[in-house]
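**Student:** Following this message is one structure expressed as structure tokens.
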Amino acid sequence: MRAFGGVLTRIRDFPAIRSANRPSVILLLLLVAESATFAQTSAKEIAKRMDSAFSGIASPDTPGFAVLVKRDSKIVFENGYGVRDLRSKIKIDAQTNFRLASFTKQFTAMAIMLLVRDGKLRYDETLTDIFPDFPGYGKRVTIRNLLNHTGGLPDYEDLMDAAEKTKGQIWSAEKQIQDAEVLQLLEKESRGKFTPGTKWQYSNSGYVVLGLIVAKVSGKSFGEFLNERIFAPLKMSSTLVFEKGKNEVSNRAFGYSKKGNGFVETDQSSTSATQGDGGIYSNLEDLSKWDDALRDHTLLSEKDFVPAITPAKLPPGVEAKLAEDVPASLRSQASAYGFGWFLNLQGPHPLMWHYGDTVGFRSAILRYTRDNVTVVVLCNRSPLDPGNLAVEALRIISIPVN
């Protein structure tokens, strides 16, 4: 007997079933088969609804985006829309590599946490412990402060602007600022923006410095360490820390910005070469592996990962004001920050997430840990908002967004 994809084909192989009341057994197996068919139909319907929601946003010959939706560790939806660049017009797909921008910070934090787990670094070590020549204000800035944005380092882009006001243009998309130069700018300052630990303020400077710390403590470049300890073990074969002239991004998407009725390439800026705060390129296929590793605690034990999802502690009465630093579409989700992750742990749908925003690129990852749902959106056009796209995907699979 053969029915419903073979569900009834091998009844003879199960003596208990052979000896049972045959009509009842057949009814039971038919119900199981019907349930499986319904689940398959439901999955197809969800994918159809998502494709309908996204397909009109980017036309086939413009820059666009890629979307990944996972539920219970399985891919529910994965697709690309638009092209990765306006020269080749190659379609965006799951292997298209986008610049992650600040999405990078979760990988930088993981690298630091691995060094702490290895006993080569401590969260309470200070900047002057690592860089003895750093000015006095670094004596109170700990690794923990840098990870959760409570360190108060000056903003390096503000320091770049100040330097160019007196010396003329120093950096450009062709002559980009490097991580070592960021450190030099910070070392010329006599004080930070606020006393470490007394306030929360998003800090790209802090994550550039964390990337430099990874390199100094490990004895390898930031990119080499991430490849050896994160990307290679997880078989994220296309993911890398991009260094112009030293490596190449395969299947690379180039960034664009809307101008009038068309798009202009805006792939690089004067700050596009810094690493720890935003230098990684990756794709949906690799980021699905990253999501699996986070869920399965492949790189760090559940206990060792707890600091990453522990909100930064501030003095009583001090408001974090995280929402001022995130896109409008995700402001309701910015209630706390851990190590490389924004957190919204209130209510029945705990969430850890991050976004990236740089010239020509936007990105977001949302991980609903209790629901076991993950959404990743990667865009190579501004001002497309990946937060809005992620929220739409969540609506379709009935995950409420507060």
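**Student:** Would you check which residues across region 54-112 are basic (Lys, Arg), more than 26 Å from Val241 (Cα to Cα) and in contact (Cβ under 8 Å) with a residue 40 or more places away in the chain and list them?
**Tutor:** Arg71 - this is the single residue of region 54-112 that is basic (Lys, Arg), more than 26 Å from Val241 (Cα to Cα) and in contact (Cβ under 8 Å) with a residue 40 or more places away in the chain.
**Student:** Give the residues of region 48-64 that are open to solvent by 30 Å² or more (accessible area, probe 1.4 Å) and either of a type in the set (D, E, K, R) or not in a loop (DSSP other than H, G, I, E, B) (or both), sorted by residue number.
**Tutor:** Lys48, Arg49, Asp51, Ser52, Ala53, Asp61
**Student:** Considering Arg331, Arg362, Arg367, which residue is more than 22 Å from Pro400 (Cβ to Cβ) and either open to solvent by 10 Å² or more (accessible area, probe 1.4 Å) or touching an Asp or Glu at 6+ places or on another chain (Cβ under 7 Å) (or both)?
**Tutor:** Being more than 22 Å from Pro400 (Cβ to Cβ) and either open to solvent by 10 Å² or more (accessible area, probe 1.4 Å) or touching an Asp or Glu at 6+ places or on another chain (Cβ under 7 Å) (or both) holds for just one of Arg331, Arg362, Arg367, which is Arg362.
**Student:** Still on this structure, please answer the following. Out of region 250-277, which residues are under 28 Å from Ser73 (Cβ atoms) and either of a type in the set (A, V, I, L, M) or surrounded by 21 or more Cβ atoms within 10 Å (Cβ to Cβ) (or both)?
**Tutor:** Ala253
**Student:** Output the number of residues of region 297-332 satisfying the condition of being within 14 Å of Trp200 (Cα to Cα) and charged (D, E, K, R).
**Tutor:** Residues meeting the conditions: 5.
**Student:** Which pairs do you get when a residue that is in contact (Cβ under 8 Å) with a residue 12 or more places away in the chain, found in region 124-142, comes within reach of a residue that is acidic (Asp, Glu), reach meaning Cβ atoms under 8 angstrom, with the pair 6+ apart or on two chains?
**Tutor:** Phe131/Glu187; Asp133/Glu187; Phe134/Glu187; Pro135/Glu187; Pro135/Glu189; Tyr137/Glu189; Thr142/Asp124; Thr142/Glu125
**Student:** Give me the residue from region 231-240 that is open to solvent by less than 30 Å² (accessible area, probe 1.4 Å) and of a type in the set (A, V, I, L, M) and, out of that set, farthest from Asp286 (Cα to Cα).
**Tutor:** Result: Leu234.
**Student:** Can you tell me which residue within region 285-311, out of those that are of a type in the set (A, V, I, L, M) and touching a Gly at 6+ places or on another chain (Cβ under 7 Å), is surrounded by the fewest Cβ atoms within 10 Å (Cβ to Cβ)?
**Tutor:** My answer is Ile309.
**Student:** So Gly206 fits all but one of (1) open to solvent by less than 60 Å² (accessible area, probe 1.4 Å); (2) free of Cβ contacts under 8 Å to residues at least 40 places away in the same chain; what number is the exception?
**Tutor:** (2)
**Student:** If I ask for residues that are assigned to a loop (DSSP other than H, G, I, E, B), among the hydrophobic types (A, V, I, L, M, F, W, C) and without any contact (Cβ under 8 Å) to a residue 24 or more places away in the chain, which ones from region 157-192 would you list?
**Tutor:** Ile170
**Student:** Same structure, new question: Within region 303-311, is even one residue touching a Ser or Thr at 6+ places or on another chain (Cβ under 9 Å) and modelled with pLDDT of 95 or more?
**Tutor:** Yes, because at least one residue in region 303-311 is touching a Ser or Thr at 6+ places or on another chain (Cβ under 9 Å) and modelled with pLDDT of 95 or more.
**Student:** Let me ask something else. Of these, Glu243, Glu224, Glu228, which one is touching a strand residue (DSSP E or B) at 6+ places or on another chain (Cβ under 9 Å), open to solvent by 10 Å² or more (accessible area, probe 1.4 Å) and either in a helix (DSSP H, G or I) or not aromatic (Phe, Trp, Tyr) (or both)?
**Tutor:** That would be Glu224, the only listed residue that is touching a strand residue (DSSP E or B) at 6+ places or on another chain (Cβ under 9 Å), open to solvent by 10 Å² or more (accessible area, probe 1.4 Å) and either in a helix (DSSP H, G or I) or not aromatic (Phe, Trp, Tyr) (or both).
**Student:** Within region 109-119, does at least one residue satisfy the condition of being outside any helix (DSSP H, G or I), open to solvent by less than 10 Å² (accessible area, probe 1.4 Å) and either farther than 22 Å from Arg252 by Cβ or modelled with pLDDT of 95 or more (or both)?
**Tutor:** no
The values are calculated or read from the model by the stated rules, or taken from the named source; none is laboratory data. None of these values were measured; they are calculated from a predicted model. Cβ: placed from backbone, ideal geometry, glycine included. Neighbour counts: every protein chain shown. Heavy atoms of the whole protein, side chains included, go into the accessibility calculation; ligands, DNA and RNA do not. Shrake-Rupley method; radii C 1.70, N 1.55, O 1.52, S 1.80 Å.
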